[in-house]
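The values are calculated or read from the model by the stated rules, or taken from the named source; none is laboratory data. Predicted, not measured: the structure shown is a model, and the values here were computed from it. As a convention, Cβ positions derive from the backbone with ideal geometry for all residues, glycine included, and neighbour counts pool all protein chains shown. Calculation scope for accessible area: heavy atoms of the full protein, side chains included, ligands and nucleic acids excluded. Shrake-Rupley method; radii C 1.70, N 1.55, O 1.52, S 1.80 Å.
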Amino acid sequence: MIRCSIQIALASLLLVGQAAAQAPGQAPVAAPSVIPAAQPVSALPAADAFFTDPRMGETRALIVLQDGKRIYERYGTGIGPGTRLISWSMAKSITSTLIGFLVADGRLQLDTPAPVPAWRNDARAKISLRQLLHMASGVKHLEAGPAPELADTNRALFADLSGDIYKAAVAEPAEVAPGTRFQYNTLTTHILARIVADTVAPAARTPAERRRAVRDFISQRLSAPAGMNSLLCEFDPQGNLYGGSLCHATARDWAAFGQLYLDGGVVAGTQVVRPDWVRFVTTPSPSNTGYGGQFWLNRKQSSGMDNALFWQKGPADAFAAIGHLGQYVIVVPSKRLVIVRLGKTQDEGLQPVRDGLARLVNGFAATAP
């Protein structure tokens, strides 16, 4: 479901995820260093297991925050607090946050047709911004499958359609009525990312202008106010933000993103994300109670499967940004927890990781309201 890559691209892109290239003029991130767990080994055995249990695959970073305090922090070999690590689909939650800023500004509306010029004269003209955020556009799409080179997302990210990911995304035809079906679709989020670009830079005529405007918007509205200074997102040759897949940040900055949402959008007394946007993205969508506004919810999925978080084992108020190969930023309001797990575990082998995350979350008592 969350897979957004093809095997031939994984090796090179995972190396990029460990130490992404610097954007021009951006301050360098500290060189990686190996550090021990912030707590003595076995103080949180459910956390230590991510590094000692081979069923977990490769855990590169694990951070646990409670009430904003870092109570556990540990890294894999060659990884440290200054290492940028790849988001894969956690980037979708970043893009949702950018859309939220523009809704708060009154520049976008959730329930009007999404501003996609290519859809104006056909059935897709009725697709709303809300439906895009809920993965309920109704367009025909193949996210992944037994032949990964044929999947729509993989072709647009890494193969024959990769020259302009937005063009590939908006070419997907209508298949069912908008709002009637949940279908995970990475290209949907790339459309959302282009909507961000067209809104903040309507006069942009070149890829460089579009890229620069979106980078500035991310910095000014999210990364600087939220204390995520390492955040670096990639763009395609046309200057389109890879809003569904390819952002990079340190584990501490991914934890800061989770803390932003745990605290109702407030950072150091400043309202960065509006509380109504926090409520929107964490409210079950009509077509899938396990999915909100580009965040996964710890509720039963429309598929009936427990393959995102751990709805059969953990608190119902938990929600998360989740990415391919086992990237998680989990927020648990009832326990004042943020848990970040970053690494490389094949998607078909992620159940031990989900079980481990459930054990870790359930090891903490609910806090007083």
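Key figures for this structure:
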quantity	calculated
Karplus (6.51, -1.76, 1.60) ³J(HN,Hα), θ = phi - 60°, over segment 161-172, in Hz, Gly and Pro reported as x	9, 7, x, 8, 5, 5, 4, 5, 5, 6, 7, 5
With all protein chains modelled, accessible area of Leu65 [1.4 Å, Å²]	10
Rounded if a/c under 1.5, otherwise prolate or oblate - the chain, Cα gyration tensor axes	rounded
Solvent accessible area, Å² - Phe364, 1.4 Å probe, full protein context	30
Long-range lysine pairs (8 or more apart or interchain), the chain, Cα under 17 Å	5
C-alpha center-to-center spacing [segment 226-260, segment 69-124] in angstrom	8
Nearest 10 degrees, 0 to 90: helix 351-362 Cα axis against the chain principal axis	60
Ranked by how many other beta carbons lie within 10 Å on average, peptides 84-90, 140-146 from highest	84-90, 140-146
Estimated [θ] at 222 nm from DSSP helical runs (n ≥ 4, -39500 (n - 2.57)) normalised by residues in the chain, nearest 500	-8500 deg cm²/dmol
Asp160-Gln220 FRET efficiency (beta carbon distance; Förster radius 35 Å; 0.05 resolution)	0.50
Model label zone, Arg120; criterion: amide N under 14 Å from point 7 Å along Cα-to-beta-carbon; scope segment 185-209	none
Shape category assigned to segment 239-288 from the gyration tensor of Cα positions, a/c cut at 1.5	oblate
